[in-house]
Every structure is written in C-alpha cells, then in structure tokens.
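The values are calculated or read from the model by the stated rules, or taken from the named source; none is laboratory data. Quantities reported herein were computed from a predicted structural model and do not represent experimental measurements. With ideal geometry, Cβ positions are generated from the backbone for all residues, glycine too; neighbour counts draw on all protein chains shown.
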Amino acid sequence: MRHAQEPSLVLRISLACALVVLSAPFAQPPNVLPSSPSFPIPTNPSLTTPVVDGQSLVTMSKSRVYADVNVLLPREYWDYESLVVQWGDQDDYEVIRKVGRGKYSEVFEGINVNSNDRCIIKILKPVKKKKIKREIKVLQNLCGGPNIVKLLDIVRDQHSKTPSLIFEYVNSRDFKVLYPTLADYDIRYYIYELLKALDYCHSQGIMHRDVKPHNVMIDHELRKLRLIDWGLAEFYHPGKEYNVRVASRYFKGPELLVDLQDYDYSLDMWSLGCMFAGMIFRKEPFFYGHDNHDQLVKIAKYGFTINNVRSDKLYYFIADLAALQSHDLEINVIDLLPNHVSF
C-alpha cells in the first residue's frame, strides 16, 4: 500500500489523528505546560508519566461544559446501582409487530390495551442488572426533556423475569429512505432539534454515547424528532475512565479508536458531526472504515487544522513523533498511540 511505502505520509496521518483526538474543542486545556514556544520538548523513552522539574505534566481531563453537574447533585441522582425499580403490569400491553432489534434488545410496536394508544415495547436481552438500572435511571432523569424519547412504563414477565421498557410511539421512516428526500432547511431543522436533545442530556450530566441515524427517530409529517436508545448512556464524572467499546464504528470519536478512556460529552458531538456531514453530502456513513485502524485513516484523510496544542498527552505524542521521524522507519499509528493515551 502507498502508506507503507511513504513513512512521512504515515507520520502526517498519525499526527492528524492525534490532533483531532487530543485537542477536541470540549477538552479542558491543561494548565501545566509553559506558554513559551521555546520550551524544549523532553523525550520520554520509558513511556512513564512525563515530569519536568519534578512536576507531572499529566492533568485530569475535564469537560469544558457541564463538568460538575453530577458533583453538585445528590448521589441518588446518578447512583443507578441503588435504584429500586417500580414494575408496572405487563398485561397492560400487547405486541403488534416487530420493528427492530439490536445487540441488547428486540423492539416491537405495541398497544396499551387500556387506552388503545400505540407504544414501543423494548424487550431487553439478558444483561447485567446494573446496565438495565442505568438505562432506566437515565431515562427517568431525562423525562420531559426536549426531543428525548419518553419512558412510559417498566414491566417484566412474571415467569422469565425478562424486563421490557415501554416508550412513546414515533411514526418514523427508515433514515436511508428519508434522508435523501430532505431539503436543506429540513436538515438544518432536524440537526437543531437533535442538538437541543444533546444539550439537555449533557446539562443533566449524561453522555448518550451512541448517537447515529438508527437512534434518531423522525416523524417527518409531524416534524417530530426523538433521540432514542439510551442503553449505552452514562453519567459524566470528571477524570473517570470509561469503557471505549461504545458507539458504532462509523460514528466513534477518534478518542475511542485509540482507547482514550477519560472522554466527555464531546464524544456525542463528534457523532452528531458525522451524521450532519452524511446528510449534507448524501454519503452514509460519511467516514467508512473497515476497522478501527482504517477508520482513523479515513478521518485523517480529510485533514484538520489545529492552531494551538493544548493537551499534554498530545504534546508528548508529538515529541515522540519528532524523534521517530529522524529515523527511516515505518510508523504504525496503532502501535504508537496507546503508549501516549494511557499514562
């Protein structure tokens, strides 16, 4: 391949990936790097925590927005493991037809036999109880928020104990059919509606972590949008390390592709940007990688300009790239990055 034959090109791609990952607009800039451009870049051959004059240059990652929401709220707001679920009556609902399935659930159109109202029944597959409690707690906390799908009830089978979540019904069309028909104004309108949903959930201290077209229901006739599937959502705590096995590959933020665990709300904004680009350019998905490595390459090919390097992790990534560039070696971005994002 061409990249393997041109080490300098691989270096540029590697650097572009790192710039995107570690200088995201919502990342808190570290306050320990000297501002002088003449500051010497120390090498770190042992790949241990960087230290200058006895001071560690690694700082805790912290979101620029809504960083302390869960710090200021009482523990019961975010402590989903302590949630006591109030179960409804499963006999109040009847399944009509299957409308979808996912890794953790099967989804059906249903009806409330008492009110005759249509609803969506999400039958959860066997997973850890705390994951189920987390989704329920998130949905309860976000109930009534703009464009957040409404949780109506929580029921379970009396014999198998299989839980089901009952949601409001949205008459949504497949995005692959709908998106090509949308006018410029429609695209801007629905992206704005999605932004309102994300801003609200972020303001409540919650990351969605799986924003993609499949999880955005649009009733175009009513011009109604709902952000659904909160099964991977999580409460944000500054400095906490999270699972990187979230989101779908084409919508993963670069930090997930290089196993950077202390991410924040900006993860959702990257996913939204991928959606927006796909809608505008009629290219779905916009970044189409065959695996995580290829996904990074696809992202880097579009090129990014970063005016200021504000991340200490990126600072040392560049330092090692500069050192390696002096040798006639082929650089593998996947081999390099984990050493610089897991201090």
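Working carefully through the options I136, I154, find the one that is assigned to a helix (DSSP H, G or I), modelled with pLDDT of 95 or more, closer than 23 Å to Y93 by Cα and not assigned by the TED database to the domain that holds F276.
Every option except I136 fails the conditions.
Could you tell me which of the residues D262, D210, D294 is among the charged types (D, E, K, R) and either in contact with a helix residue (DSSP H, G or I) (Cβ under 8 Å, 6 or more places away or on another chain) or modelled with pLDDT of 95 or more (or both)?
After applying the criteria, what remains is D210.
Hey, does segment 88-99 have a residue that's modelled with pLDDT of 95 or more, assigned to a loop (DSSP other than H, G, I, E, B), more than 23 Å from the chain's Cα centre (by Cα) and aliphatic (A, V, I, L, M)?
No, because not a single residue in segment 88-99 is modelled with pLDDT of 95 or more, assigned to a loop (DSSP other than H, G, I, E, B), more than 23 Å from the chain's Cα centre (by Cα) and aliphatic (A, V, I, L, M).
Could you please find all residues in segment 223-266 being farther than 18 Å from V138 by Cα, β-branched (V, I, T) and either part of a strand (DSSP E or B) or within 11 Å of the chain's Cα centre (by Cα) (or both)?
Within segment 223-266, V244 is the sole residue that qualifies.
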